[in-house]
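Report on the following structure.
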Amino acid sequence: MKNYIQAGANLTVLAAAAVASGGGVLTGSIFGVAQGAAEIGDEIVVSRFGVFELPKLEAQAWTAGVKVYWDDGNSRCTTAASGNTLIGAAVEIAANPSPTGKVLLDGAIR
């Protein structure tokens, strides 16, 4: 195919904020997990597919399959949709309280 560019599982984007390896990166509607560290404005490769353990709002309990959103202002996941970006679904229970949860990123842009 002449117009094929890439699979899109990993993308290079510009970091809108400083991020550590394994941190969440939101660029417009594209969410991914940083493969390395970056400062504001640096290019960073992000993974858009897979299951990742990510920081979450500790006071929330998750059930497997619940929709998970990225709260960019607090750099964490939440089940609250309002003002946040849908990034995937929880793959297992996460207790209240717990600092992290396991999230399936499916790469969809919402």
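Go through region 61-73 and give me each residue that's within 20 Å of residue 93 (Cβ to Cβ), in contact (Cβ under 8 Å) with a residue 24 or more places away in the chain and surrounded by fewer than 20 Cβ atoms within 10 Å (Cβ to Cβ).
Of everything in region 61-73, those that are within 20 Å of residue 93 (Cβ to Cβ), in contact (Cβ under 8 Å) with a residue 24 or more places away in the chain and surrounded by fewer than 20 Cβ atoms within 10 Å (Cβ to Cβ) turn out to be 61, 63, 64, 65, 66.
With the structure loaded, tell me whether residue 46 is part of a strand (DSSP E or B), surrounded by fewer than 17 Cβ atoms within 10 Å (Cβ to Cβ), of a type outside the set (Phe, Trp, Tyr) and out of contact with any Ser or Thr (no Cβ under 6 Å at 6 or more places or on another chain) or whether it fails that test.
For residue 46, the condition - part of a strand (DSSP E or B), surrounded by fewer than 17 Cβ atoms within 10 Å (Cβ to Cβ), of a type outside the set (Phe, Trp, Tyr) and out of contact with any Ser or Thr (no Cβ under 6 Å at 6 or more places or on another chain) - is not met.
Pick from 76, 110: which is surrounded by fewer than 18 Cβ atoms within 10 Å (Cβ to Cβ) and of a type in the set (Lys, Arg)? Can you show your working first?
Working: 76 fails: surrounded by fewer than 18 Cβ atoms within 10 Å (Cβ to Cβ).
Result: 110 is the single residue among 76, 110 that is surrounded by fewer than 18 Cβ atoms within 10 Å (Cβ to Cβ) and of a type in the set (Lys, Arg).
In the list 25, 33, which residue meets the criterion of being surrounded by 15 or more Cβ atoms within 10 Å (Cβ to Cβ), of a type in the set (Val, Ile, Thr), in contact with a Phe, Trp or Tyr (Cβ under 8 Å, 6 or more places away or on another chain) and in contact (Cβ under 8 Å) with a residue 24 or more places away in the chain?
When all the criteria are applied, what remains is 33.
Which members of region 10-28 meet the condition of being closer than 21 Å to residue 101 by Cα and either in a strand (DSSP E or B) or touching a Lys or Arg at 6+ places or on another chain (Cβ under 7 Å) (or both)? Even if it seems obvious, please write down each step before you answer.
Step one: of region 10-28, the residues closer than 21 Å to residue 101 by Cα are 19-26.
Selection gives 19, 24, 25, 26.
In region 47-76, what count of residues is obtained for those that are out of contact with any strand residue (DSSP E or B) (no Cβ under 7 Å at 6 or more places or on another chain) and of a type in the set (D, E, K, R)?
Qualifying residue count, region 47-76: 1.
Go through the residues of region 66-89 one by one and say whether even a single one is within 23 Å of residue 7 (Cβ to Cβ), of a type outside the set (A, V, I, L, M, F, W, C), part of a strand (DSSP E or B) and within 15 Å of the chain's Cα centre (by Cα).
yes
Being of a type in the set (Asp, Glu) and within 20 Å of residue 90 (Cβ to Cβ) is the filter here; which residues of region 14-57 pass it?
53
Taking the residues in region 1-26 that are among the β-branched types (Val, Ile, Thr) and farther than 12 Å from residue 48 by Cβ as candidates, determine which candidate is nearest to the chain's Cα centre (by Cα).
So the residue we want is 19.
Where a number appears in this text, it was derived from the coordinates with a stated rule and is not lab data. Since this is a predicted model, take the numbers as computed values, not measurements. Note that each Cβ is placed from the backbone with ideal geometry, even for glycine, and that neighbours are counted across all protein chains shown.
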